[in-house]
1. What is the stretch 112-179 by shape, rounded, prolate or oblate, if you read a ≥ b ≥ c off the alpha carbon gyration tensor as root eigenvalues and call it rounded for a/c under 1.5, prolate for a/b larger than b/c, and oblate otherwise?
2. Using alpha carbons only, how many degrees (0 to 90, rounded to 10) separate the axis of helix 193-202 from the longest principal axis of the chain?
3. So if each residue of separation counts as 0.36 nm, and I subtract the Cα-Cα distance between VAL173 and LYS57, what length gain in nm does that give?
4. How compact is the stretch 183-310 by the rule of thumb for globular proteins, expressed as Cα Rg over 2.2 N^0.38 Å?
5. Using a simple charge model, +1 on the beta-carbon of Lys and Arg, -1 on the beta-carbon of Asp and Glu, nothing else, what dipole does the chain show about its Cα centre, in debye to the nearest 20?
6. Mind sorting TRP35, TRP187 by how few other Cβ atoms lie within 10 Å of their own Cβ, fewest first?
7. With a point put 7 Å past each Cα toward its Cβ, work out how far GLU157 is from ARG265 in nm, to one decimal.
8. Regarding the stretch 282-322, what's the average projected area of the Cα-atom convex hull, expressed in nm²?
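Here, each number is a calculation from the coordinates, and none is a lab measurement. None of the values given here were measured: they were computed from a predicted structure. Cβ coordinates were reconstructed from backbone atoms using ideal geometry, including for glycine residues, and neighbour counts include every protein chain displayed.
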Amino acid sequence: MEYAFGTLAQGVFAQPDNISLIALKGEEFGFEMMWVNDHIIMPSSINSRYPYTEDGKFNEFGDSGDYLEQLTVLSYLASETSTVKLLASVMVVPYRDPILTAKILSSIDVLSKGRLLLGCGAGWMQEEFEVLERPPYKERGSVTEEYIRIFKNLWTEQSPSFVGQYASYSDIVFEPKPVQIPHPPIWIGGESRAARERVVRVGNGWFPIIDNPRYRLDTPELFTKGVESLKRLSTNYNRDPKTVEIAFAVNLYDDTRAHIGDDGRRKVFTGTHEQIASDIIEYKNAGAQAMMLGFTVDRQSPNATIEQMHRFSESVRPLVET
């Protein structure tokens, strides 16, 4: 099992000194990956339904629209760190021109000496699509898939060319290629069947979030069913399920107290160190190979986040690895 911590591209967490501090501490604590989130411009009024709350309201960290651009932060982290993998979690694929994006991502992989992990999502906020003047929101799934095919084409072909619905090109040179061969791993975010089908068509891995109310994975049993569904889809698409990596994101991690759900049960990844370690083992046994942990119970304190990360590395991870 590999573990990821995050440096948010927003608010107090996005201040340069805090980005560097969290990144270097995470590397010191032995985490394999770090993630950065993605919004480019925040509309003043949001009516789109947010997938990860019961009421569909988006109020992430008392959101003020104060975001750094994700790929710029990853470039910065490439020079600040030396061993940790750099995870875009997730990059909203349709937000950016595909050829330019492929070049930026390739550059990050070169600058980091092969440490880029590309988490890809289709997006959920229609207002952000519109203000960025991107392809139609309702077509975001097909846009995402075509852009990923473009990334792969540019990264792997010596004389790349492509004819698609949203972009076409020919007679070009695309250099440098990414360091990683054939290209940086592409993890597809999303919990729906459509997302899982996208995984087996164009992705290297499945990267869902644990607490989508419509597609919950917040018990080991539900996660197991999700993994089994992914394996069946892989077989349907004539793909070996063993070639699909499985990672997932845990929004709520709290080792200071147990959170109780509406069903009266403890929410996984909250409670004592022993309880959290037991949860990790169950998800690992169900097929999880990597886990992104949201160390942000105190959402205004980078130091509290670092303390949580340290407790995990010192007191939880050893219980899993014993």
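1. Oblate, because a/c is 1.5 or more while a/b does not exceed b/c.
2. Computed tilt is about 50 degrees.
3. Once the chain is fully extended between VAL173 and LYS57, it gains 37.3 nm.
4. 1.12
5. Charge dipole, the chain, about its Cα centre: 920 debye, nearest 20.
6. TRP35, TRP187
7. Label-label distance for GLU157 and ARG265, simple model: 4.8 nm.
8. Over all viewing directions, the stretch 282-322 projects a mean Cα-hull area of 3.3 nm².
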